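**Q** Pasting in a structure now, in structure tokens, and then I'll have a few things to ask.
The values are calculated or read from the model by the stated rules, or taken from the named source; none is laboratory data. Since this is a predicted model, take the numbers as computed values, not measurements. Ideal geometry is used to build each Cβ from the backbone, glycine not excepted, and the neighbour counts take in all protein chains shown.
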Amino acid sequence: MSRFHKYDAAKAQLQTAVSMFLEGCDRSSVITLAGAASGILDELVRRSGQETFLDYARRVQRERSGEMPKRTAYSHHINTRLGVIAHKHLWPDDSDTIELDLNEQAAGALTRAIGDYISLNGEEEPFVKAFLSWSWHNQDGPGIMERFRQAPKRLKPK
Amino acid sequence: MSIQIYSRFELAENQLTSAIGLFVSGRDRFSVITLAGAADVILSRLVMNEGKETFTQRLAKKEAAKGGAPIPLPTYGRAVNDLLFINQLKHMDEGEDGFIDLDVEECALAAISKALVSYVALAGDQKDIVLAFKAWARQNLDHMVPKVVRTPVWPMRPNTRMEPTAVGPLARPGARGSFGTLADKESMMIEDLVVEPMTDVFVLWRCLHWGPITRCSVDQCPSTDGITWERYRQRNLPLLRKIAKTYGACAILARDGDHIVGQLRFYPKVICDLKGAGGLCLQQDHPAGPSEDFADHDFPPLAQIEDKILVVHCVMTGSPLQRENSYQRKGIATRMVRALIQWAKANGWERIEADSFEDIPIIYEVTGSAGHTFWEKLGFRMVDRHVHPELQDRSKFAEFITTLEEQAKAIGIPPEQARDRLVMRLDVT
């Protein structure tokens, strides 16, 4: 029996998820591991007094729709969009099949978790740098940065 | 890749495959638990959809049969998942301190086992991941490490069951079991097993070669040619009492009720290096065992020891010399090593060392010694390797060494490394 902090569990799962993603391994596993890491990192970032990925997303949504979505409901919404829910729940009336874009959702789940991880620990660790580098080259990093620069201040992370 | 249609079974199967892959390759255990847990949620529902009984339903039914108050299935399922920390590894609630106390190795193994039960119910037991996990289990669960010796005495004729003698060959008879069914897995748990350091209050002065020992039976020795029990008793009792009194303990014992079913003997390295220590085997004469007057030595107190290193002498579970050994494959050796690690940390030791070998089948079959994988699973790393002194002379055990090298080659280990003694080390500070 050993004592761990949940931070250790989140970091280990995120590292595994990044490693599996960059090695081209199963995307479903990446989504589940990144989702699990986020479930812990979100609370840790909140406790550090910083804005979490979830709260930033809620703020953006408020800017767009005029209404701040509830935290729990929006968290569920994001987890559904990223495929996290489909990988860890199955209800009696669910169909036997489901439509997913696993590659896109794995990248999204990792982006969310890495964002929160960076809020806590910065971006110097190799696995963080590796994912950011992949992201820059494969998710139109320059284009995203340009759109970020042009975005109004209220739509930027705090 | 773009939007595609996936079956729920496929999503679960892929996650379980990843969990098993991560597990057998020694990677992160938290990830294993999460992935196996996620897969099991889906697989269990699919099992129910087929009108079959799930693992949790079976457990709940068993519990109800014992006469306990009926527990709603979802509550029972949550309790099982909580036991494996499946939920704790993906959630953190406001206000909680975030600390979790768990045995990651056992939880990972149990989470995979639980998910595999559902998987097998749906897909049968001949799928690659099932076969792969079975193969891993055969190689790594504790039935493979009933006895880990520091200084094995190599038998003259490999694959021959050796009778115990005063110079004690360390053959391990008995078959390797298969991974087995759900019923086997359930029976793997020993309720109320106690794993604790052996102090100077009760001293296990002889070993478990002939089976579990109780306080009452420890002095009732089996009649065996060549072993002078009373002489060993008179030598070992004061020696072990003195070491235990000086350092607090010199063994970890696993107890099932009154029966001691596992022993892990360890000594400070400074004591192993003293003149007269020999191989410190308690059932052998010097030099394989300690000299008759070894207890008369002055043993330095911990504060005076510069290199605070403990050496694992041997690990033994059940009755290694009996054909049937119901205490193997139950994680007892693993639990004892973990208890040693805890004890060492709590008592000011800095390192633990253990001798090991390559994971070659004949090593297990003939000596009962664990391969390095057993120690690596527990966090040990290899710090030295050299040809085992007893195996340096090829002519001495020619037949055995030839088989050893052939087996090594067959599983991809360079034959020249097959005779190596591997020194495993864990820093506990």
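**Q** Test of understanding: among B:Ile352, B:Ile362, B:Ile401, which residue is more than 14 Å from the chain's Cα centre (by Cα), aliphatic (A, V, I, L, M) and within 29 Å of B:Ile305 (Cβ to Cβ)?
**A** The conditions single out B:Ile352.
**Q** As an exercise: evaluate A:Arg64 against (1) at pLDDT 95 or above; (2) over 23 Å from B:Phe85 (Cβ atoms); (3) of a type outside the set (Asp, Glu) and give the number of the one condition it does not meet.
**A** Among (1) at pLDDT 95 or above; (2) over 23 Å from B:Phe85 (Cβ atoms); (3) of a type outside the set (Asp, Glu), the lone unmet condition for A:Arg64 is (1).
**Q** Do you know which residues across segment A:1-18 are of a type in the set (D, E, K, R) and touching a residue at least 60 places away in the same chain (Cβ under 8 Å)?
**A** A:Lys11, the sole residue that qualifies.
**Q** If I ask for residues that are surrounded by fewer than 20 Cβ atoms within 10 Å (Cβ to Cβ) and more than 7 Å from every other protein chain (Cβ to nearest Cβ), which ones from segment B:5-21 would you list?
**A** Correct list: B:Phe9, B:Glu10, B:Gly21.
**Q** Determine which single condition A:Glu104 fails, assuming it passes every other condition in (1) under 17 Å from the mean Cα position of the chain (by Cα); (2) over 22 Å from A:Arg81 (Cβ atoms); (3) of a type in the set (D, E, K, R).
**A** Every listed condition holds for A:Glu104 apart from (2).
**Q** To continue, here is another question. So, in segment B:1-50, of the ones that are of a type in the set (Phe, Trp, Tyr) and assigned to a helix (DSSP H, G or I), which residue ends up nearest to the chain's Cα centre (by Cα)?
**A** This residue is B:Phe23.
**Q** If I filter segment B:23-47 down to residues being among the aliphatic types (A, V, I, L, M) and at the interface with chain A (Cβ under 8 Å from one of its Cβ atoms), which single residue comes out as surrounded by the most Cβ atoms within 10 Å (Cβ to Cβ)?
**A** Selected residue: B:Leu35.
Here is a yes/no grid of residues against (1) among the charged types (D, E, K, R); (2) at pLDDT 90 or above:
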{"site": "B:Asp359", "(1), (2)": "yes, no"}
{"site": "B:Glu365", "(1), (2)": "yes, no"}
{"site": "B:Ser369", "(1), (2)": "no, no"}
{"site": "B:Asp384", "(1), (2)": "yes, yes"}
{"site": "B:Asp393", "(1), (2)": "yes, no"}
{"site": "B:Phe400", "(1), (2)": "no, no"}
{"site": "B:Glu405", "(1), (2)": "yes, no"}
{"site": "B:Ala408", "(1), (2)": "no, no"}
{"site": "B:Pro415", "(1), (2)": "no, no"}
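**Q** Please determine whether any residue of segment B:369-386 is surrounded by fewer than 21 Cβ atoms within 10 Å (Cβ to Cβ), hydrophobic (A, V, I, L, M, F, W, C) and either not in a loop (DSSP other than H, G, I, E, B) or not assigned by TED's automatic domain parsing to the domain that holds B:Gly248 (or both).
**A** Within segment B:369-386, one or more residues are surrounded by fewer than 21 Cβ atoms within 10 Å (Cβ to Cβ), hydrophobic (A, V, I, L, M, F, W, C) and either not in a loop (DSSP other than H, G, I, E, B) or not assigned by TED's automatic domain parsing to the domain that holds B:Gly248 (or both).
Let's see how each residue does on (1) assigned to a helix (DSSP H, G or I); (2) within 14 Å of chain B (Cβ to nearest Cβ); (3) under 27 Å from A:Ile40 (Cβ atoms); (4) free of Cβ contacts under 8 Å to residues at least 40 places away in the same chain:
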| site | (1), (2), (3), (4) |
| --- | --- |
| A:Ala106 | yes, yes, yes, no |
| A:Asp116 | yes, yes, yes, no |
| A:Phe131 | yes, no, yes, no |
| A:Trp136 | yes, no, yes, yes |
| A:Arg147 | yes, no, no, yes |
| A:Arg154 | yes, no, no, no |
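**Q** For segment B:235-284, give me the residue count where each residue is in a loop (DSSP other than H, G, I, E, B) and more than 24 Å from the chain's Cα centre (by Cα).
**A** Counting residues in segment B:235-284 that are in a loop (DSSP other than H, G, I, E, B) and more than 24 Å from the chain's Cα centre (by Cα) gives 7.
**Q** Would you point out the residue of segment A:29-63, among those that are free of Cβ contacts under 8 Å to residues at least 40 places away in the same chain and among the polar types (S, T, N, Q), that is nearest to A:Glu104 (Cα to Cα)?
**A** A:Ser29
**Q** While we're looking at this one, here's another question. Can you name the residue in segment B:57-89 that is at pLDDT 85 or above and in contact with a helix residue (DSSP H, G or I) (Cβ under 6 Å, 6 or more places away or on another chain) and, of all such residues, is surrounded by the most Cβ atoms within 10 Å (Cβ to Cβ)?
**A** B:Leu89
**Q** How many of the residues making up segment A:95-104 are charged (D, E, K, R) and more than 7 Å from chain B (Cβ to nearest Cβ)?
**A** The qualifying residues number 1.
**Q** Only one of B:Gly257, B:Gly262, B:Gly276, B:Gly318 is at positive phi and in contact with a helix residue (DSSP H, G or I) (Cβ under 7 Å, 6 or more places away or on another chain); which?
**A** Exactly one residue qualifies, and that residue is B:Gly276.
**Q** When you scan segment B:88-135, how many residues do you find that are at the interface with chain A (Cβ under 10 Å from one of its Cβ atoms) and either without any contact (Cβ under 8 Å) to a residue 12 or more places away in the chain or not acidic (Asp, Glu) (or both)?
**A** Residues meeting the conditions: 16.
**Q** Of the residues in segment B:199-230, how many are surrounded by 15 or more Cβ atoms within 10 Å (Cβ to Cβ) and of a type in the set (Asp, Glu)?
**A** Total satisfying the criteria: 1.
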